[in-house]
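Beneath this line is the structure, given in structure tokens, with notes to follow.
Taken together, the values in this text are just the output of simple stated rules run on the coordinates, not laboratory data. Given the structure is predicted, the values throughout are model-derived calculations rather than measurements. Cβ coordinates were reconstructed from backbone atoms using ideal geometry, including for glycine residues, and neighbour counts include every protein chain displayed.
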Amino acid sequence: MNNMTRSGIIVALMAASTLALAEVKPSDAVEYRQGIYKAVKWNFGPMGDMVKGKQEFNAAEFSRRAANLAALSKMPLEGFIAGSYSGSTDALPAIEKDWETFAGIMSDFETSAATLAETAASGDMNAIRPAFMSVAKTCKSCHDKFKD
Ligand code: ASC
């Protein structure tokens with residue numbers, strides 16, 4: 001690689017990192033993650049009603065929602081940016097202070113949601129119920145530690 005190529009790459013990398021750092025307003029990050037969690041609830045609610053027998057179990061419908069949840073579970077983490085723990089949010093500053101724990105729970109959310117989606121394909125409520133409860137446990141443990 002010659003020096004011109006090298007400096008071109010360096011300039012491109014600097015531009016990319018500047019872009020990555022710039023322009024995300026904390027209030028936009030709050031709205032983003034709240035939107036994701038609304039979609040999480042939209043799917044998780046009916047699944048919970050089916051698990052609890054409040055709504056008739058429909059295996060295809062449950063499976064569709066579980067797949068949605070598995071995709072959604074990967075999305076909120078990027079919305080937890082610096083400076084986004086005050087104002088219209090219930091997210092506590094503890095998230096920033098104990099990022100490792102927070103990110104660990106979010107990772108458990110992803111893993112358990114993926115397992116729930118796989119299990120849902122079986123259509124067997126006896127297998128689905130504990131898989132659903134594992135996801136609910138990750139929701140609760142995060143709310144207990146990191147939500148006002
Ligand atoms: C829900 C919901 C949550 C979680 C949590 C699980 O249905 O709205 O926040 O489950 O209660 O313990």
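Taking 0.36 nm per residue of separation and subtracting the Cα-Cα distance, what length does fully extending ALA59 through ALA136 add? Before the final figure, lay out each step's value.
Numbers: separation 77, 0.36 × 77 = 27.72 nm, distance 1.90 nm.
That works out to 25.8 nm of additional length.
If you project the alpha carbons of the chain onto their three principal axes, what span does each projection cover, largest first, in Å?
65, 40, 23
Report, in debye and to the nearest 20, how large the dipole of segment 25-146 comes out about its Cα centre when Lys and Arg carry +1 and Asp and Glu carry -1 on their Cβ.
Values: 14 positive and 15 negative charges, 55 e Å.
Around 260 debye, computed over segment 25-146.
Measure nothing fancy, just the Cα-based angle from helix 3-21's long axis to the longest principal axis of the chain, in degrees from 0 to 90, nearest 10.
Tilt of helix 3-21: around 50 degrees.
Hey, what do the phi angles of segment 93-104 turn into as Karplus ³J(HN,Hα) couplings, whole Hz, using 6.51/-1.76/1.60 and θ = phi - 60°, x for Gly and Pro?
Using θ = phi - 60°, the values come out as x, 4, 4, 6, 6, 10, 4, 4, 5, 4, 5, x Hz.
Going highest first, how would you order 50-59, 108-117, 27-36 by mean Cβ packing within 10 Å? Mind dumping the intermediate values first?
Values: 50-59: 13.3, 108-117: 21.0, 27-36: 16.6.
Order by mean packing, descending: 108-117, 27-36, 50-59.
In straight Cα distance, which aspartates and glutamates are under 18 Å from LYS52, not counting same-chain residues fewer than 8 positions off?
Partners within reach: GLU61, ASP124.
Determine the calculated [θ] at 222 nm for the chain from helices alone, applying -39500 (n - 2.57) to every DSSP H run no shorter than 4 residues and normalising by the residue count; nearest 500 deg cm²/dmol. List each step's numbers first, then the result.
On the way: 6 runs with 107 residues, N = 148.
It comes out at -24500 deg cm²/dmol, rounded to the nearest 500.
Across segment 123-130, in residue order, what do the Karplus-derived ³J(HN,Hα) couplings come to in whole Hz, using 6.51 cos²θ - 1.76 cosθ + 1.60 with θ = phi - 60° and x for Gly and Pro?
x, 9, 4, 5, 8, 5, 3, x
May I ask which of LYS97/LYS140; LYS54/LYS147; LYS41/LYS140 have a Cα-Cα span longer than 25 Å here? Write down the numbers at each step before the final one.
Details: LYS97/LYS140 19 Å; LYS54/LYS147 27 Å; LYS41/LYS140 13 Å.
Correct reply: LYS54/LYS147.
Return one number: the angle in degrees, 0 to 90 and rounded to the nearest 10, between the long axis of the Cα atoms of helix 59-72 and the longest principal axis of the Cα atoms of the chain.
Relative to the chain, helix 59-72 is tipped by roughly 20 degrees.
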